[in-house]
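The values are calculated or read from the model by the stated rules, or taken from the named source; none is laboratory data. The model shown is predicted, which means the values in this text are computed figures rather than measured ones. Don't worry about glycine lacking a Cβ; one is built from the backbone with ideal geometry, like all the others, and counts go over all protein chains shown. Heads up: the accessible areas ignore ligands, DNA and RNA and are worked out on the full protein's heavy atoms, side chains in. Shrake-Rupley method; radii C 1.70, N 1.55, O 1.52, S 1.80 Å.
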Amino acid sequence: RLCGGANKALAEMMYPLLKDGNFCLNLGGDHSTAAGSLAAVLKARPETRVVWVDAHADINTDRTSPSGNIHGMPIALLMGLIDLDEAPGWEWLKDYPKLKPDRIVYIGLRDVDPGEKQIMYENGIKAYSMHDIDKYNIGPIMERAMNDIDPYGHSPLHLSFDIDSLDPVLVPSTGTPVLGGLTFREGAYICEHMA
């Protein structure tokens, strides 16, 4: 309930600012805060495309999550994959547009649960793992990713960047470290490409 309520307050605070055309930057201590900020973005700018940079897919549902932690579910909540009547504190999301699977692309994945892989496969969600980045380099990956979600380059963009996408050698304080992440330069390049 607390996490859902905090995200509701965040969405309600950000929505009028976004609707008026302002740029909003949300720095959260946990990637679950992206549920509130991205809900506000989708309400203000329904055509928004999302680049989700993370070691994890954050698309678990209450039925697929091994841990049950809400920080692994913000995308599932935003896509309507979780019954909001069974998610106390998150009912407010019924008043917000759902994120469509063809409007999100993942970059930097390297720790994805089996249930998440199945959800991504069933929904045709594009994803570029660290293996892909190692093989093709970040520049071509960003070009592919942007072409996947916005081939004409006319849609609003939203970047959601989890610090655990970077290698834990660079950010040892993250709560969910996974070895083999983005270098500092790769992470910076993603941000530069989106700017």
Item to complete: With the checklist (1) at positive phi; (2) in contact with a Ser or Thr (Cβ under 8 Å, 6 or more places away or on another chain) in hand, flag the one item LEU182 doesn't pass.
Response: (1)
Item to complete: Could you tell me whether the range 139-154 includes any residue that is assigned to a helix (DSSP H, G or I), acidic (Asp, Glu), free of Cβ contacts under 8 Å to residues at least 12 places away in the same chain and open to solvent by less than 80 Å² (accessible area, probe 1.4 Å)?
Response: no
Discussion item. Step by step: first the residues of the range 164-180, then only those that are at pLDDT 95 or above and under 11 Å from HIS56 (Cα atoms), then the one that is farthest from the chain's Cα centre (by Cα). Which residue is that?
Written reply: VAL178
Worksheet item: Name the residues in the range 16-32 that are more than 18 Å from the chain's Cα centre (by Cα), over 14 Å from HIS158 (Cα atoms) and open to solvent by less than 90 Å² (accessible area, probe 1.4 Å), would you?
Response: PRO16, LEU17
Worksheet item: Looking at GLU47, GLU116, which one is surrounded by 22 or more Cβ atoms within 10 Å (Cβ to Cβ) and either in contact (Cβ under 8 Å) with a residue 40 or more places away in the chain or in contact with a strand residue (DSSP E or B) (Cβ under 9 Å, 6 or more places away or on another chain) (or both)?
Response: GLU116
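Within the group ILE107, ILE75, which residue is hydrophobic (A, V, I, L, M, F, W, C), in a strand (DSSP E or B) and at negative phi?
Within the list ILE107, ILE75, the selection yields ILE107.
Please work out which residue is nearest to ILE107 (Cα to Cα), limiting yourself to the range 160-181 and to residues that are small (Gly, Ala, Ser) and surrounded by fewer than 20 Cβ atoms within 10 Å (Cβ to Cβ).
GLY180
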Worksheet item: Inside the range 51-69, can you point out the residues that are within 13 Å of the chain's Cα centre (by Cα) and open to solvent by 20 Å² or more (accessible area, probe 1.4 Å)?
Response: HIS56
Practice prompt. Identify all residues within the range 91-104 that are of a type in the set (A, V, I, L, M, F, W, C) and either assigned to a helix (DSSP H, G or I) or open to solvent by 10 Å² or more (accessible area, probe 1.4 Å) (or both); write none if there are none.
Written response: TRP92, LEU93
Response to the item:
Within the range 155-167, residues assigned to a strand (DSSP E or B) and in contact with a Ser or Thr (Cβ under 9 Å, 6 or more places away or on another chain) come out as LEU157, HIS158, SER160, LEU166
